[in-house]
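The values are calculated or read from the model by the stated rules, or taken from the named source; none is laboratory data. It should be emphasised that the depicted structure is a prediction, and the values quoted were computed from it without experimental measurement. Here Cβ is always computed from backbone atoms with ideal geometry, including for glycine, and neighbour counts include all displayed protein chains.
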Amino acid sequence: MADLFDTLDPAGLPLAEAMRPQTIADVIGQKHLLGPGKPLALAFQSGKLHSMILWGPPGVGKTTLARLMARAFDAEFASLSAVFSGVKDIREAIARAEAERSRGRHTILFVDEVHRFNKAQQDAFLPYVEQGLVTLIGATTENPSFEVNSALLSRAAVYVLEPLSQVELVELFERARRVACPDLEFEEDARDRLTGFADGDARRLLNLVEQVTTAASTAGVNPVTPAFIDDALSRNLRRFDKGGEAFYDQISALHKSVRGSDPDAALYWLCRMLDGGAEPLYLGRRLVRMAVEDIGLADPRALEICLNACATFERLGSPEGELALAQAAVFLACAAKSNAVYKAYNAARQFVKQDVSRPVPIHLRNAPTKLMKELGYGKAYRYAHDEPEAYAAGEHYLPDGMEKPGWYQPVNRGLEARIAEKLERLRALDREYLDEEHRHSGGNISAGRGGGDAPQ
């Protein structure tokens, strides 16, 4: 039976489409999913389809994997774009799937940019996914946790696709050169220039190869040099990554310059990216992240300054608003540094992820009804404002039986040095209270109320 793949005429297609992999073995990249024993490799081997969300940046193979699934499982491939499709298109796709089922053929429904569908449109898939009429494969460039309905997420596995590495891009380049321009030579620096411009995007690289091949043929150039690539491609593209560094390498350099307290380097990388055409508000969002990750409570003003810088840019636009971003970058670089909250948050998340679901202690529970009050909800709770120093010494707020983990350990810099002093004072109050309770109880204090002393 003829299918989508059989209708393609490689000679009349763009290079990116003509070189689309026809088997899993042809796919470059995504070894964490397609390598031996990895999730998607096992899915292909199992012979059992399941709904999934493919999350990753453009040009990393989301559509390709969906098409390969259809081929591997001999399924009908129905494609929708959330940009152009509505509920009517969804219904028509479902009707075609029902017709295919009557002929004994299963349907894979591929939804590109699935996050662009609203809640009602996403809900329209649910009954048919649950019934097994279609296997849904959604592709998204946005975090599905925020953009895809929880009901749909619960019925689909999420696979994260990664940008292609430099090594993988070089492999793809050589394959493309053999197909598109076998007689055209590229200097190594020219090849690296192209792969750097691609920024992990396979489709972008193939389009660039096609563009440069056409330009070289027209100009009668062979071999292709870095200078020719700079002339053949747009100024903005060239200046965006002038030395061949990847976009995220420049972001990394900016972040590390801030973390390393080097304001000049921070300004250099900020201006480098702005000059190259990076979206200023994207850089602003990255500065906000630096404020909470690397400065934290050592100087809480950092977050406020970064948020104000983003708001200022939104009000003034470019180029005036970019000065606010520069001011924020310099402040971050000069500010006291602490990743104590960042480390504490990650430790807490990891603990919760691996831990059992612990109940809320009864003294912390809300008691809005008479029955709840009769059951003792909130009865033993001590209101901190009514206690000396507005602190209920010895009280516990973690689940019963859970040891105090001590995740947050403030550094001795900036405001956190004062926070550390305050926490030590509160721990001393806890010890005094517990010692007093111990004397009054004759040494028999229940271990269920907090699980031990505060961390030292």
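What about Tyr345, is it assigned by TED's automatic domain parsing to the domain that holds Arg425, closer than 30 Å to Tyr433 by Cβ and surrounded by 13 or more Cβ atoms within 10 Å (Cβ to Cβ)?
No, not satisfied.
Which of the residues that make up the range 47-72 are in a loop (DSSP other than H, G, I, E, B) and buried (at least 18 other Cβ atoms within 10 Å of the Cβ)? Spell out how you get there, then give the answer.
Initial filter on the range 47-72 (in a loop (DSSP other than H, G, I, E, B)): 47-51, 56-61.
Correct list: Leu49, Ser51, Gly56, Gly59, Val60, Gly61.
Can you name every residue in the range 110-142 that is outside any strand (DSSP E or B), in contact with a strand residue (DSSP E or B) (Cβ under 7 Å, 6 or more places away or on another chain) and within 25 Å of Lys48 (Cα to Cα)?
Passing the criteria: Glu113, Val114, Phe125, Tyr128, Val129.
Take Leu126 and decide whether it is buried (at least 17 other Cβ atoms within 10 Å of the Cβ) and out of contact with any Ser or Thr (no Cβ under 9 Å at 6 or more places or on another chain).
Spelling it out, it is not the case that Leu126 is buried (at least 17 other Cβ atoms within 10 Å of the Cβ) and out of contact with any Ser or Thr (no Cβ under 9 Å at 6 or more places or on another chain).
Output the number of residues of the range 387-418 satisfying the condition of being assigned to a loop (DSSP other than H, G, I, E, B), of a type in the set (A, V, I, L, M) and free of Cβ contacts under 8 Å to residues at least 60 places away in the same chain.
Summing the residues that are assigned to a loop (DSSP other than H, G, I, E, B), of a type in the set (A, V, I, L, M) and free of Cβ contacts under 8 Å to residues at least 60 places away in the same chain in the range 387-418 gives 4.
Conditions tested, residue by residue: (1) under 22 Å from Ser85 (Cα atoms); (2) of a type in the set (Asp, Glu); (3) outside the structural domain of Arg71 (by TED's automatic domain parsing).
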position: Arg116; (1), (2), (3): yes, no, no
position: Lys119; (1), (2), (3): yes, no, no
position: Gln122; (1), (2), (3): yes, no, no
position: Phe125; (1), (2), (3): yes, no, no
position: Phe173; (1), (2), (3): no, no, yes
position: Asp183; (1), (2), (3): no, yes, yes
position: Glu188; (1), (2), (3): no, yes, yes
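What residue, among those in the range 143-179 that are over 18 Å from Ala120 (Cβ atoms), in a helix (DSSP H, G or I) and of a type in the set (D, E, K, R), is nearest to the chain's Cα centre (by Cα)?
Within the range 143-179, the match that is nearest to the chain's Cα centre (by Cα) is Glu168.
Quick one: which residue in Ala25, Ala43, Ala16 is modelled with pLDDT under 90, loosely packed, with under 13 Cβ neighbours inside 10 Å, hydrophobic (A, V, I, L, M, F, W, C) and assigned to a helix (DSSP H, G or I)?
Ala25
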